[in-house]
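Worksheet for the structure shown next.
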Amino acid sequence: MELRGAKLKQQRNKRAIETGHNRTMVAGAVFAVLFLVLAGRVVDLSMFNGHQEPRLVTTETATEIETTRANIVDRNGILLATSLPTDSLFVDSKAFMETGEDATMAARKLASILPELSLNRAAQKLSSGKRFEYLVRNLTPEQKYRVNMLGIPGLHFQREERRTYPQGPLAAHVLGYTDVDGRGISGVEKSFDQQLLGPDGTLQLSLDVRVQAVMRSALMEAIDEFKAIGGAGLVMDIETGELLCLVSLPDFDPNDPNTIKGDAGFNRASKGVYEMGSIFKLLNTAMALDSGVVNIKDKFDATKPLKVGRFRINDFHGQNRVLTVPEVLVYSSNIGSAQIALEAGSDLQRDYLGRFGLLNTASIEIPEVGAPLLPDVWRKASTMTISYGHGIAVSPLQLTSAIGAVANGGILRQPTLLKTNAESRLPGQRVIREDVSDQMRKLMRLVVLQGSGKKANSEFYRVGGKTGTADKQQGGRYNRRARISSFAGVFPIENPKYAVLAMVDEPVGNKKTFGYATAGWVAAPIIKKVVDRIGPMLGLTPSNVEEQVYQPGDPLFITVKG
């Protein structure tokens with residue numbers, strides 16, 4: 001089975017590279033024309049300028065536009081990364097020194113037109129006596145022309161490539177970037193470094209730049225509104241595992257990786273691992289129903305806190321009464337969830353978390369992947385707190401995949417950043433029964449209609465999911481002023497196609513939210529914005545099925561506290 005899976009994965013990678021080739025021929029031609037025009041302009045200036053231009057040695061002619069690294073495109077063929085021909089400036093210092101030219105004077109001239117080259121560095125390289133010393137890599141056509149006009153002996157141009165990212169920072173953490181020599185440093189540029197240098201052609205990703213842009217914009221607005229330090233967002237096709245977006249903020253411009261500041265290079269979506277809070281109650285409930293340790297009609301006493309050693313488990317907005325299983329989820333009861341977990345036990349909990357892919361590092365086509373943080377010893381207290389998302393830290397990527405499995409009929413799909421087809425797609429793994437998945441979708445919808453996820457409700461597409469608010473551990477203790485606020489869900493709930501997750505790191509409440517920075521106020525509205533905008537892009541018809549209303553006596557009826 002493993003050999004077959006590995007072979008399928010290898011075939012998928014190759015097809016992904018081959019698929020996009022024809023779609024980018026036009027884009028390649030456009031870039032070719034642009035650079036021919038630029039090159040022609042340089043020739044015009046040199047031929048018709050009144051000054052005699054000194055001849056400098058180049059290794060290739062100015063009109064050659066062949067590049068060696070393949071393009072990267074999104075699922076619709078939109079160009080994400082390409083290589084363009086450029087020139088780098090080097091000096092034959094030995095030849096320069098033999099002319100008797102003054103190195104300081106020449107260095108001053110070069111530094112005046114090449115801001116990235118300091119006077120001291122230029123003078124040092126001009127007088128080093130070496131036959132080959134790079135002065136500046138990747139000159140612009142204007143810089144090349146101006147260097148030529150200086151007439152400094154011993155200077156030469158070397159034809160090279162510059163990796164360019166037309167979409168700027170939009171998909172920076174997925175694409176990664178290359179070094180000045182064109183070697184992949186991070187992201188898919190690193191993972192597919194050798195394939196991109198091979199003959200297979202364009203690499204086609206699963207990303208949809210439109211969806212990526214919508215999620216990035218919605219996250220940026222929330223981060224700004226709540227003065228947060230960062231965030232992450234994902235949209236995944238729950239039938240194929242394809243990621244339509246993977247956003248991590250802050251991000252960076254891969255065109256100039258030297259400008260990366262602070263944690264802008266850190267991928268919160270796949271590398272970061274966090275205690276994700278009450279979203280785990282979906283997994284806890286699915287486990288209990290699937291294993292049969294709990295029935296949908298069972299009830300749990302949430303009238304008082306649970307004591308665990310010297311700790312107490314409380315509810316944020318306690319109902320202070322006996323709760324049904326649906327009410328435990330809708331009212332996000334920590335007390336009820338902990339009791340459900342105790343019914344299941346530690347061994348069963350670990351088994352199901354493993355099935356959901358949360359005990360091991362996620363498998364994805366970028367190197368920036370974080371390993372989950374698990375209890376050293378899985379005590380009774382761990383079993384209880386993990387039921388509501390504390391005491392275990394996973395990546396948003398892992399959790400998105402797990403929630404997709406809860407809602408798609410019970411099949412865990414391995415997330416992928418490559419566009420797939422039926423032949424290259426990896427088989428999924430059943431984690432819960434289909435009838436349990438059907439029940440879970442109804443419960444997820446109830447959370448949005450009557451619980452903490454109300455602000456995720458779209459008027460066009462029915463969303464189901466769960467909020468999660470968790471205090472962050474800092475210095476070995478939980479800091480109640482530093483939180484992770486998240487929402488994970490699926491849409492359209494009546495026939496789910498996509499899993500969606502939004503996470504905001506350390507939001508601060510404001511007047512609009514009455515000082516709250518919980519997920520219902522912070523993350524849920526992001527989901528509504530995203531779903532409203534990407535639904536039409538993805539060709540989804542607005543939901544028109546009549547909403548199911550549950551009556552007293554139905555197991556899914558929620559009693560509203562008077």
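The values are calculated or read from the model by the stated rules, or taken from the named source; none is laboratory data. All values reported here derive from a predicted model rather than from experimental measurement. No Cβ is skipped: glycine too gets one built from the backbone with ideal geometry, and neighbour counts run over all protein chains shown.
Points worth noting:
- Taken over the stretch 183-224, the criterion of being assigned to a loop (DSSP other than H, G, I, E, B) and in contact with a helix residue (DSSP H, G or I) (Cβ under 7 Å, 6 or more places away or on another chain) is satisfied by R183, D200, G201, T202, L207.
- Matching residues in the stretch 415-430 - criterion: being over 28 Å from G520 (Cα atoms) and at pLDDT 95 or above: T416, L417, L418, K419, Q429, R430
- Some residue of the stretch 325-334 being surrounded by fewer than 18 Cβ atoms within 10 Å (Cβ to Cβ), under 27 Å from Q551 (Cα atoms) and not aliphatic (A, V, I, L, M): no
- Scan of the stretch 267-281 for residues that are more than 12 Å from V325 (Cβ to Cβ) and outside any loop (DSSP other than H, G, I, E, B), ordered by number: Y274, G277, S278, I279, F280
Rundown of residues vs (1) of a type in the set (S, T, N, Q); (2) over 29 Å from L196 (Cα atoms); (3) at pLDDT 90 or above, yes/no style:
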residue: P85; (1), (2), (3): no, no, yes
residue: S88; (1), (2), (3): yes, no, yes
residue: I113; (1), (2), (3): no, yes, yes
residue: K130; (1), (2), (3): no, yes, yes
residue: L150; (1), (2), (3): no, yes, yes
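- Any hit, the stretch 312-319, residues being assigned to a strand (DSSP E or B), under 22 Å from G292 (Cα atoms) and without any contact (Cβ under 8 Å) to a residue 60 or more places away in the chain: no
- Residue within the stretch 544-559 that is in contact (Cβ under 8 Å) with a residue 60 or more places away in the chain, farther than 26 Å from V436 by Cα and part of a loop (DSSP other than H, G, I, E, B) present: no
- Being closer than 29 Å to G292 by Cβ, crowded, with 24+ Cβ neighbours inside 10 Å, in contact (Cβ under 8 Å) with a residue 24 or more places away in the chain and not hydroxyl-bearing (S, T, Y) is not true of G428.
- Those residues of the stretch 124-182 which are part of a helix (DSSP H, G or I) and either polar (S, T, N, Q) or within 23 Å of E368 (Cβ to Cβ) (or both), in sequence order: Q124, Q143, N148, G168, P169, L170, A171, A172, H173, V174, L175
- All positions within the stretch 280-305 that are closer than 21 Å to L353 by Cβ and among the aliphatic types (A, V, I, L, M): L282, L283, A286, M287, A288, L289, V293, V294
- Among the residues of the stretch 326-343, those that are of a type in the set (A, V, I, L, M, F, W, C) and in contact (Cβ under 8 Å) with a residue 60 or more places away in the chain comprise L329, V330.
- Qualifying residue in the stretch 191-199 (condition: at pLDDT 95 or above and surrounded by fewer than 22 Cβ atoms within 10 Å (Cβ to Cβ)): yes
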